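Throughout, read-outs are computed from the coordinates displayed, never taken from laboratory work. None of these values were measured; they are calculated from a predicted model. Glycine gets a Cβ as well: all are built from the backbone with ideal geometry, and neighbour counts include every protein chain shown.
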Amino acid sequence: MGVAEDIAAVIEQEATLVFQSFDEGTAFAVGSAIRERGLKEKLPIVVDIRTWDRPLFYAALPGSSADNANWARRKRNVVQTFLRSTYRMVLEQQRPDRTFKPGAGLDIKDYVLAGGGFPITVKGAGVIGAIAVSGLPEREDHGVVVEALARHLGLDAEALALPAEGGA
């Protein structure tokens, strides 16, 4: 799958993974599912779920670090600014230095081009927050979030998943 196909697939994920409502209980259920998967698979990740006005769920699993928490924060900032997933931004921007173009005015200490941030979209309200996972390669961080959201929403997670990099 090429970059254009990946971008189209991520746009489809964003359009499909929409909640009817989202509250503290929803954040806890989604966050707990990601945490349980992380513990089971020994993933060294941080999971951070927030609406724009407050944190709702946070977990740091064994092997993660403060650096992962900072990357999650920077990913959330990207979602809040652009209202789209950070992996989509990576694919669209194609900047190996992980920074936005200098003219964008986005400070590297607060914004990063790295997958793993995903918008929390509520039907009729739009994007109200973000889920960020950090600790794995960016395509995998993104995939962890997409799988958890699909399962929570009762959708086919495998059908929505991006293929493994280099795979068909």
task = Could you grab me the full set of residues in region 116-151 that are under 18 Å from residue 15 (Cβ atoms) and in contact with a helix residue (DSSP H, G or I) (Cβ under 6 Å, 6 or more places away or on another chain)?
result = 117, 118, 119, 130, 131, 142, 146, 147, 148, 150, 151
task = Looking for whichever is assigned to a helix (DSSP H, G or I), under 19 Å from residue 2 (Cβ atoms) and not basic (Lys, Arg) here; the options are 79, 145, 90. Which one fits?
result = 90
ask   = What are the pairs, 6+ residues apart or on separate chains, where a residue within region 99-116 that is farther than 24 Å from residue 143 by Cα has its Cβ under 7 Å from a residue that is of a type in the set (Phe, Trp, Tyr) and not in a helix (DSSP H, G or I)?
value = 106/100
query = Just a yes or no: is a residue in region 122-131 free of Cβ contacts under 8 Å to residues at least 40 places away in the same chain and either in a loop (DSSP other than H, G, I, E, B) or surrounded by fewer than 23 Cβ atoms within 10 Å (Cβ to Cβ) (or both)?
reply = yes
query = List, please: which pairs have Cβ atoms under 9 Å, are six or more places apart or on different chains, and start with a residue in region 42-67 that is on the phi > 0 side of the Ramachandran plot and surrounded by fewer than 17 Cβ atoms within 10 Å (Cβ to Cβ) and end with one that is of a type in the set (A, V, I, L, M) and assigned to a loop (DSSP other than H, G, I, E, B)?
reply = 42/61; 63/43; 63/45
remark   = When (1) in contact with a Leu (Cβ under 7 Å, 6 or more places away or on another chain); (2) among the polar types (S, T, N, Q); (3) at positive phi are applied to residue 94, the one that fails is (1)
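Listed here are the residues, each with its yes/no results for (1) in contact with a Phe, Trp or Tyr (Cβ under 9 Å, 6 or more places away or on another chain); (2) of a type in the set (Lys, Arg); (3) more than 19 Å from residue 162 (Cα to Cα); (4) not in a loop (DSSP other than H, G, I, E, B).
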residue	(1), (2), (3), (4)
59	no, no, yes, yes
67	no, no, yes, yes
97	no, no, yes, no
111	yes, no, yes, no
query = Counting just the residues of region 127-148 that are under 10 Å from the mean Cα position of the chain (by Cα) and aliphatic (A, V, I, L, M), which one comes out nearest to residue 65 (Cα to Cα)?
reply = 133
query = Across region 17-41, what is the number of residues that are surrounded by fewer than 16 Cβ atoms within 10 Å (Cβ to Cβ) and either in contact (Cβ under 8 Å) with a residue 60 or more places away in the chain or on the phi > 0 side of the Ramachandran plot (or both)?
reply = 3
query = Which condition breaks for residue 118 when tested against (1) closer than 14 Å to residue 17 by Cβ; (2) part of a helix (DSSP H, G or I)?
reply = (2)
query = Does region 91-108 contain any residue that is in contact with a strand residue (DSSP E or B) (Cβ under 6 Å, 6 or more places away or on another chain) and buried (at least 19 other Cβ atoms within 10 Å of the Cβ)?
reply = no
